[in-house]
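The values are calculated or read from the model by the stated rules, or taken from the named source; none is laboratory data. In this text the structure is predicted, and so the values were computed from the model without any measurement. Using ideal geometry, Cβ is built from the backbone for each residue, glycine included, and neighbour counts are taken over all protein chains shown. With ligands, DNA and RNA removed, areas are computed over all heavy atoms of the protein, side chains included. Shrake-Rupley method; radii C 1.70, N 1.55, O 1.52, S 1.80 Å.
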Amino acid sequence: QVQLVESGGGLVQAGGSLRLSCTASGTIFTIIDMGWYRQAPGKQREWVATISSGRASYYADSVKGRFTISRDDAKKTVYLQMNSLKPEDTAIYYCNRRPNSSWNWGQGTQVTVSS
């Protein structure tokens, strides 16, 4: 049973930065493509970024150039560095495998960006 634990969220002013972490247990992490997702109030969960096992990265247009995804396979952890944050980035952020997000979702980490 894979468990995902996200952390690093918080309250930040527009233009600020946060670094999110997601640690996975119970899986062979090195061969898994991982992704970050987010869900804003009243909206569906949406994909934000992907990092492949070979460290290729892909981003939603809304975060391209501002967010950077990375991974540390030894720690079974994926990161999301978020810079130049905007109020519309406010959401609960989750990680999961890509492309099918087939693992049970973690509790997520709340990111709130004030204007």
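Annotations
- GNM top mover of 104, 83, 96 - the chain, alpha-carbon springs below 10 Å: 104
- Chymotrypsin sites (Phe, Trp or Tyr not before Pro) lying in DSSP loop within region 1-107, provided at most 16 other Cβ fall within 10 Å: 105
- Eligible lysines near residue 86 by straight Cα distance, threshold 25 Å, same-chain separation 8 or greater: 43, 64
- In sequence order, region 87-94 has phi-based couplings of x, 6, 7, 4, 4, 8, 9, 10 Hz under the Karplus curve 6.51 cos²θ - 1.76 cosθ + 1.60, θ = phi - 60°, and Gly or Pro positions carry x.
- Long-range Cα-Cα pairs in the chain (distance over 20 Å), rounded percent: 33
- Part-to-part distance (alpha-carbon centres) for region 17-65 and region 76-102, which is given in Å: 5
- The accessible surface of the chain, taken with every protein chain in place and a 1.4 Å probe, is 48 percent carbon and sulfur.
- All other residues whose Cβ lies under 12 angstrom from that of residue 96 are scored, Lys and Arg at +1 and Asp and Glu at -1, for a net of +2.
- Region 20-34 - phi-based ³J(HN,Hα) in whole Hz, Karplus 6.51/-1.76/1.60, Gly and Pro as x: 9, 10, 9, 10, 10, 10, x, 8, 7, 5, 5, 9, 9, 6, 10
- Counting only trypsin sites (Lys or Arg not before Pro) that DSSP places in a loop and that have at most 14 other Cβ atoms within 10 Å, the longest clean stretch of the chain runs over 65-115.
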